[in-house]
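Undergrad: Quick one: the structure is below, questions incoming.
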Amino acid sequence: MSDVLARLQADKGVTHHSDWLTVDQAMINRFADATMDWQHIHVDPERARETRFGGTIAHGFLVLSLLSHLEEKTTAARLPDIKIGVNYGFDRVRFVSPVKAGSRIRSVSTLRSVKEKNPRHFEQTQDICVEIEGQDKPAVVATWVTQFFV
């Protein structure tokens with residue numbers, strides 16, 4: 001087993017938390033502009049107040065796209081020798097609860113598996129949960145697969 005793989009395997013099963021991040025209306029609006037998804041539940045506070053959400057909510061894909069940022073802010077040890085990391089995909093994604101504008105979220109991740117695909121090329125699978133501060137139900141639960149090269 002390579003030294004890198006041994007260091008990664010040591011983190012298997014350990015849960016890490018990111019810092020909290022506020023998802024405000026300005027962030028939601030910028031995401032709507034970038035994706036051209038201007039549905040009123042995201043960008044029209046007055047109309048959104050009349051919905052079952054009681055106000056604007058973040059796009060599920062916005063919350064999902066924040067995982068890269070949130071994971072950079074976790075308590076997980078970082079390997080200094082990683083040259084590049086890439087998303088490989090998700091085995092499972094569920095948008096469990098809406099994230100209301102102004103809410104704070106954080107990622108909670110647990111390394112499920114890691115393997116060396118080729119020399120200096122690794123793949124890891126993480127169980128991810130995006131929590132909403134003050135709520136019992138998470139915003140997102142997912143199984144995230146990433147690859148990286150050292």
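Just so you know, all these numbers are worked out from the coordinates, no wet-lab data involved. From a predicted model like this one, the values you see are computed outputs, not experimental measurements. Neighbour counts run over all protein chains shown; Cβ positions are idealised from the backbone, glycine included.
Undergrad: Compute the longest continuous run of the chain that contains no exposed GluC sites (Glu not before Pro); treat a site as exposed when its DSSP state is not H, G, I, E or B and it has at most 15 other Cβ atoms within 10 Å.
TA: That gives 51-132 as the longest site-free run.
Undergrad: Let me ask another. So if each residue of separation counts as 0.36 nm, and I subtract the Cα-Cα distance between Ser113 and Trp20, what length gain in nm does that give?
TA: Extra length available between Ser113 and Trp20 comes to 30.9 nm.
Undergrad: Work out from phi, with θ = phi - 60° and the Karplus expression 6.51 cos²θ - 1.76 cosθ + 1.60, the ³J(HN,Hα) of each residue of region 110-117, listed in order in whole Hz, and give x for Gly and Pro.
TA: Once θ is set to phi - 60°, the couplings for region 110-117 become 9, 5, 8, 7, 8, 9, 8, 6 Hz.
Undergrad: Another question, then. Return Ile84, Ile132, Ile41 ranked ascending by Cβ neighbour count within 10 Å, so the fewest neighbours appear first. All intermediate terms of the calculation are to be shown ahead of the outcome.
TA: On the way: Ile84 8, Ile132 21, Ile41 18.
Listing Ile84, Ile132, Ile41 from fewest to most nearby Cβ atoms yields Ile84, Ile41, Ile132.
Undergrad: Excluding residues fewer than 8 places away in the same chain, name every one of the aspartates and glutamates whose C-alpha is closer than 15 Å to that of Lys117.
TA: The qualifying aspartates and glutamates are Asp3.
Undergrad: Sticking with this structure for a sec: Would you compute, for the Cα atoms of region 17-150, the largest minus smallest coordinate along each principal axis and list the three values in descending order, in whole Å?
TA: 55, 31, 24
Undergrad: With +1 on the Cβ of every Lys and Arg and -1 on the Cβ of every Asp and Glu, and nothing else charged, how large is the dipole of the chain about its Cα centre, in debye rounded to the nearest 20? List each step's numbers first, then the result.
TA: Working: 19 positive and 19 negative charges, 55 e Å.
So the magnitude is around 260 debye.
Undergrad: Can you give me the angle between helix 25-35 and the longest principal axis of the chain, using Cα atoms only, in degrees from 0 to 90, rounded to the nearest 10?
TA: It is inclined by approximately 70 degrees.
Undergrad: Now a separate question. Where does the chain land at 222 nm, in deg cm²/dmol rounded to the nearest 500, when only DSSP H runs of n ≥ 4 count, each adding -39500 (n - 2.57), divided by all residues?
TA: -6000 deg cm²/dmol
Undergrad: Could you calculate, for region 78-150, the ratio of the Cα radius of gyration to the Kirkwood radius, expressed as Rg to Rh?
TA: Rounded to two decimals, Rg over Rh is 1.08.
Undergrad: Charges at C-beta only: +1 for Lys and Arg, -1 for Asp and Glu. How large is the resulting dipole of region 74-150 about its Cα centre, in Debye rounded to 20?
TA: Dipole of region 74-150, to the nearest 20 debye: 100 debye.
Undergrad: Can you work out D for region 1-65 in µm² s⁻¹ from Stokes-Einstein, where Rh is the Kirkwood radius over C-alpha pairs, the temperature is 25 °C and the viscosity is 0.890 mPa s?
TA: On the way: Rh = 14.5 Å.
Rounded to a whole number, D works out at 170 µm²/s.
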